[in-house]
1. Report, ordered by the first and then the second residue, all pairs with beta carbons closer than 7 Å, sequence separation of six or more or different chains, a first member in segment A:29-49 that is at positive phi, and a second member that is at pLDDT 90 or above and not in a helix (DSSP H, G or I).
2. Quick one: is A:V171 of a type in the set (V, I, T) and within 14 Å of chain B (Cβ to nearest Cβ)?
3. Hey, among the residues in segment A:18-54 that are of a type in the set (K, R) and under 22 Å from B:D2 (Cβ atoms), which one's nearest to the other protein chains (Cβ to nearest Cβ)?
4. Take segment B:13-55 and flag every residue that is closer than 30 Å to B:L358 by Cα and in contact (Cβ under 8 Å) with a residue 40 or more places away in the chain.
5. If you go through segment A:71-87, how many residues are within 13 Å of A:F222 (Cα to Cα) and not small (G, A, S)?
6. Taking B:K164, is it under 23 Å from B:Q183 (Cα atoms), touching a Leu at 6+ places or on another chain (Cβ under 8 Å) and surrounded by fewer than 21 Cβ atoms within 10 Å (Cβ to Cβ)?
7. What is the residue count in segment B:252-285 for residues that are touching a Ser or Thr at 6+ places or on another chain (Cβ under 8 Å), closer than 21 Å to B:T365 by Cα and of a type outside the set (F, W, Y)?
8. What is the one condition in (1) touching a strand residue (DSSP E or B) at 6+ places or on another chain (Cβ under 9 Å); (2) within 14 Å of chain A (Cβ to nearest Cβ); (3) outside any strand (DSSP E or B); (4) crowded, with 17+ Cβ neighbours inside 10 Å that B:F68 does not satisfy?
Amino acid sequence: MQNAKPLVYLDANASEPIRESAMQAIITALKVTGNPSSVHTLGRKCYHLLEDARETLVSCFGGSVQNCIFTSGGTEADVLAVHGQIHQRPLWVGATEHPAILNISHSKFVLPVNDKGVIDLAYFENALQNTPIAPLVCLMYANNETGVIHPIQKVSELCQRYGALLHVDAVQAAGRIPVNLEHLGADSIAFSAHKMGGAKGAGLLLLNSRDHNAVSVLNPLFAGGGQEQNRRGGTQGLPTIVGMAVAAKEACNNHRKDIALMRDEIEIQMKKLGAVICGEEANRLDNTSCIAFAGIPAQKQFMALDMAGFCVSTGSACSSGKISQSQVLKAMGLENLAGCALRVSLPWNIKSEDISRFIDVYRHYIKTVI
Amino acid sequence: MDKLIYLDYQATTPCDERVFKSMLPYYTTCYGNAHSEHIMGKTALQAVEQARKNVADLIDADSKEIIFTSGATESNNLAIQGAVAYLLSQGNQAKQVITLATEHKSVLETVQSVVKLGLNPIVLPVNSEGFVNLNRLENALKQPTLLVSIMMANNETGVIQSVKEIASLSHRYGAIYHCDIAQSVGKLAYHLSMKALDIDMASISGHKIYGPKGIGALFLRRKPRMRLLPLFYGGGQERGLRSGTLAVPLIVGLGEACKILIEEGIEEIQRLADFKRMLLQNLYKNIPHLNINGSQEHCLPGCVNLRLPQLKASELFKRVCNLCLSSSSACSESSLAPSYVLKAMALSDEEAFRSIRLSFGRMTTLKEVQQTIHSLSQAWLDAMTVL
């Protein structure tokens, strides 16, 4: 690398750095041999590690161990939730959902958001009143690009009133704001390990059930083996799962108050130069900022910062590797800014001096191009 | 208690120390999302692509023919569900999907589920040695068939099918051939070559080859091009066939595991074959009327399925608590039902309950083999004395 300064990682919403405690748990689990389904001593040891992780996660996010299903990640958890619960219901999805939901191969009715990025509740209720069949609604708790938080409790009240099911993608919210299955009133919630400071390769689907001791039936995406009470086949990825539980616990218990201050400082400084903060008026995650400078292509901003050693993003980090216009901003009616916005998302271990440096470099760059 | 001896390598292998070390930097310093555009993302992506090449090299394939999944179960599902869905979407009129009675549950259940699509799943029997009858396969193929899925080495018995003949028959009748090679990669006395065997799709698991749990791969032939529909959509990773953030550390671990096998696999297998010879010679001597389930001529060197005379496996297990053994596949073990694999080989319930699977591998030492011989022989003798 050209510059001697270490990289500053500001792309937590793509993947959080791993937490030390999670790393230790992963190392320990990688060194344990055994298949959690084997009945011999080492198999049982793995089984206990797996079940302890399940209990920890349920203590963080509610639900019951019977209805806590391990998956390979957030995408699989989202898809499994829809696949398993849709039956004959129509599928309704928020306009700013993650591609895991937006690209599900099923006909969808898109629920619009307002210019703040928040679901239009009046529209939603009206639609519920007029639908012949109560839908399965998918709404993310917090958006990956803007950090905008949807009023899930209000949405779940409406869903219950009209007999709809609600699946919540809490991949970005979990570990950053409190997430609890019962409090939110959702029928299912999806989580991802690496967005909470665990490692990539594990996710979680919590299902709601009236009876905590009962196993909710769910049609699996993949057949075989009978693991996860026949709801998800395949040997569980034990190390990553164990790491997820430790990361979740730490994230839920130790959220830093100063992250919001650092994020706010970036926004204050950039607004002085004419930046628009997408979703600013909404309730947002305190680590996320979607900063748009009209007329300055995001790609150019990104390159300048990348060269200076700052890792930010121009949208969600999926397959493309190339920059396309943000569908999230378009859904918020911000088409004019869609190609000009950067996502800055602060990781759990961010240092304030790095933010000061980031502000200096970013400000300097913007001044040279406006 | 005596030191534990791990004899269940078919259920899962220990993670090799070198694999473990190769993964660490991708947890701690290079934690970027492999599809982020910044330098952290690019570094992660490079590591993913190197791992892909290692996997491809191990099975004589091209990097572009490897798709990463969460494990062999997902690979099996993606291959079978995905290929069938694609062929149907192209208006293919064939109605059959063929598999074998001794396949892993993830293949059997997936094949059986094609009933929901109005298709006809055919589950072929095996003979007492564990082999498919090629004439029966050919007869079945006379009805137009979409796909044949027959594993290379069985997870309970280690019995190796004649994959090349199966591939050739399948192709002669226009069917796609998928092969679950989770148990055979790195465990054969010769290099596996997808090209030489003429396989269209093959499933690989990380934790069966000294890599981590939670990662696998699907080999997907490019010439002629195998096409699939994905199990699910999303961010469009893995050329749209498998969405979801790439599990970079696990992928790097799988790649390293493959690299080690390329370098050391053949030698390792030689050593395991010697262990097995020693084990069987001694057990035959010490336990009269001991039987082996399945062919010994075509069997993995690190695996043997023993049938004890007169004694239930569960009774034996109680007497050898220091040996980590199994009675069947880990997945179905807790069900307490007799092994469906052994029953398909015409064993009675009672015979199946007298059977144990013993599998060993890279970390197994000569001393452990000797102790295993001693413990098993002694336990059998003790049990007989009580009887």
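1. The qualifying pairs are A:G34/B:T12.
2. It is true that A:V171 is of a type in the set (V, I, T) and within 14 Å of chain B (Cβ to nearest Cβ).
3. A:K31
4. B:T13, B:P14, B:C15, B:D16, B:R18, B:V19, B:F20, B:S22, B:M23, B:N54, B:V55 - these are the residues of segment B:13-55 that are closer than 30 Å to B:L358 by Cα and in contact (Cβ under 8 Å) with a residue 40 or more places away in the chain.
5. Qualifying residue count for the region: 5.
6. Values: under 23 Å from B:Q183 (Cα atoms): yes; touching a Leu at 6+ places or on another chain (Cβ under 8 Å): yes; surrounded by fewer than 21 Cβ atoms within 10 Å (Cβ to Cβ): yes.
Against the criterion (under 23 Å from B:Q183 (Cα atoms), touching a Leu at 6+ places or on another chain (Cβ under 8 Å) and surrounded by fewer than 21 Cβ atoms within 10 Å (Cβ to Cβ)), B:K164 qualifies.
7. So the count comes out to 4.
8. Condition (3) is where B:F68 drops out.
The values are calculated or read from the model by the stated rules, or taken from the named source; none is laboratory data. None of these values were measured; they are calculated from a predicted model. Quick reminder, even Gly has a Cβ in these numbers, built from the backbone with ideal geometry, and neighbours come from all protein chains shown.
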